[in-house]
Amino acid sequence: MPDNRQPETLPWSFPVTVSRLPETGLHVEIEASPAERGQLAAVAGLNSIVLARASFDLVTVAGSRVHVSGRLHARVGQTCVATLEPMENDIDEAIAVEFAPPDQIPVSARPVQKEEGEDAEIPDPPEPIVNGVIDLGQLAAEFLMLGIDPYPRKPGAVFAAPEVATDPEDHPFAALKALKEPPRGSKGRKPGGGK
């Protein structure tokens with residue numbers, strides 16, 4: 001039985017009805033609106049998304065399956081992990097995904113292929129065509145999220161470690177040393193009050 005749960009939707013949508021695809025295929029170019037870019041930036045934890053556009057070629061293959069190929073281009077505003085200064089990064093992701101009706105997708109996401117051995121690379125299963133529609137905006141948004149650098153760094157930026165304290169009493173183990181030494185004025189008395 002196919003999994004009919006809806007994945008969490010991202011705030012960029014451009015639905016294409018599969019039944020209306022021409023036999024020769026379809027070329028589509030999309031661009032996220034300022035509102036969509038703002039919402040995507042909030043979801044991704046980015047300072048901003050300056051630009052997000054994608055181009056797609058959709059071709060019907062093997063009956064009711066659809067092969068989608070294309071490219072995503074985006075420019076995102078982030079914070080440099082070394083200097084904490086704002087910066088911009090470019091994202092350029094190639095897209096190649098096959099879609100199929102849910103009843104044509106195996107229940108097991110990665111079927112075991114014993115005859116090919118455990119080291120054989122198993123192709124990803126197709127993505128589901130939901131209610132006869134492929135949402136290219138969602139697809140572009142997913143690839144945008146995958147392309148974000150989690151540790152952005154400005155070119156040439158170097159992390160500067162904090163300076164070492166010059167006072168020898170002002171170091172991380174000074175408190176431990178104070179615990180080990182007897183208090184001043186105790187004249188080396190033993191614990192228990194003995195003389």
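The values are calculated or read from the model by the stated rules, or taken from the named source; none is laboratory data. These numbers were taken from a predicted model, which means no experiment stands behind them. Note that we place each Cβ from the backbone using ideal geometry, even for glycine, and neighbour counts take in every protein chain shown.
The table for this structure:
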{"item": "Residues that are among the basic types (Lys, Arg), in a strand (DSSP E or B) and crowded, with 16+ Cβ neighbours inside 10 Å, drawn from region 35-70", "result": "ARG65"}
{"item": "Of all residues in region 17-47 being touching a residue at least 40 places away in the same chain (Cβ under 8 Å) and over 24 Å from the mean Cα position of the chain (by Cα), the one that is nearest to ALA140 (Cα to Cα)", "result": "VAL28"}
{"item": "Residue selected from region 1-27 under the condition surrounded by fewer than 15 Cβ atoms within 10 Å (Cβ to Cβ) and touching a Ser or Thr at 6+ places or on another chain (Cβ under 8 Å), by the criterion modelled with the highest pLDDT", "result": "HIS27"}
